[in-house]
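To keep things clear, I will list the structure first and then write my remarks on it.
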Amino acid sequence: MKYQTGKTGRVIVARFEDHEDILDNITAIAKKEKIRSAVLYLVGGIRQGRVVVGPEEEELPPEPVWKEIHESHETVGIGTIFWQGDEPKIHLHGAFGKKEMVKVGCLRGASETFLVLEAIIIEIEGIDAKREPDPISGLTLLKL
């Protein structure tokens with residue numbers, strides 16, 4: 001195990017409007033505000049997106065299993081922001097539900113807000129962490 005300690009910096013509250021891209025907006029905020037390390041929370045609605053719901057097999061590198069979101073779903077999520085090179089990388093896991101359908105997974109790629117989505121970004125100061133490609137897993141992992 002590796003860890004660092006930091007302290008809470010700025011807190012940003014954002015509201016994403018209908019059809020706005022979730023990950024693109026979080027990335028834009030991180031760039032504009034120069035947020036290098038943060039935890040984020042989401043609550044609201046999503047109308048479109050793709051989530052990874054686990055690996056096909058328990059092996060490395062993992063083959064992701066994708067699930068599509070094609071209509072409005074209630075959403076709650078938690079994630080982190082750490083940079084990879086010159087870009088902030090968002091790692092966001094969430095639960096996405098509509099009626100009796102519930103998907104839990106890692107939101108990746110293009111996505112669209114349904115009506116409204118609220119994001120709370122809590123900056124972490126004093127952390128020297130970044131994302132780097134891991135040759136064994138094939139994933140981009142956190143390095144402390």
In segment 8-31, what residues are aliphatic (A, V, I, L, M), loosely packed, with under 15 Cβ neighbours inside 10 Å and in contact (Cβ under 8 Å) with a residue 24 or more places away in the chain?
-> V11, V13
Look at V102 and say whether it is free of Cβ contacts under 8 Å to residues at least 60 places away in the same chain, open to solvent by 50 Å² or more (accessible area, probe 1.4 Å) and among the hydrophobic types (A, V, I, L, M, F, W, C).
-> yes
Within segment 32-75, the count of residues that are without any contact (Cβ under 8 Å) to a residue 60 or more places away in the chain, among the small types (G, A, S) and farther than 30 Å from Q4 by Cα comes to 1
Looking at segment 42-52, is at least one residue more than 22 Å from I127 (Cα to Cα), surrounded by fewer than 17 Cβ atoms within 10 Å (Cβ to Cβ) and in contact with a Cys (Cβ under 8 Å, 6 or more places away or on another chain)?
-> yes
How about segment 77-89: which of its residues are in contact with a strand residue (DSSP E or B) (Cβ under 6 Å, 6 or more places away or on another chain) and open to solvent by less than 80 Å² (accessible area, probe 1.4 Å)?
-> G77, G79, T80, I81, F82, W83, Q84, P88
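Yes/no per residue for (1) hydrophobic (A, V, I, L, M, F, W, C); (2) within 16 Å of the chain's Cα centre (by Cα):
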site: I81; (1), (2): yes, yes
site: A95; (1), (2): yes, yes
site: M101; (1), (2): yes, no
site: C106; (1), (2): yes, yes
site: L115; (1), (2): yes, no
site: I127; (1), (2): yes, no
site: K130; (1), (2): no, yes
site: P133; (1), (2): no, no
site: S137; (1), (2): no, no
Selection over segment 105-143 where residues are of a type in the set (K, R) and open to solvent by less than 80 Å² (accessible area, probe 1.4 Å) yields a count of 1
Filtering segment 5-56 down to residues that are part of a helix (DSSP H, G or I) and among the polar types (S, T, N, Q), which residue is farthest from G79 (Cα to Cα)?
-> N25
Do we find that E68 is more than 26 Å from D134 (Cα to Cα), over 11 Å from the mean Cα position of the chain (by Cα) and assigned to a loop (DSSP other than H, G, I, E, B) in this structure?
-> no
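The values are calculated or read from the model by the stated rules, or taken from the named source; none is laboratory data. Nothing here was measured: the structure is a model prediction, and the numbers come from that model. Ideal geometry is used to build each Cβ from the backbone, glycine not excepted, and the neighbour counts take in all protein chains shown. Heavy atoms of the whole protein, side chains included, go into the accessibility calculation; ligands, DNA and RNA do not. Shrake-Rupley method; radii C 1.70, N 1.55, O 1.52, S 1.80 Å.
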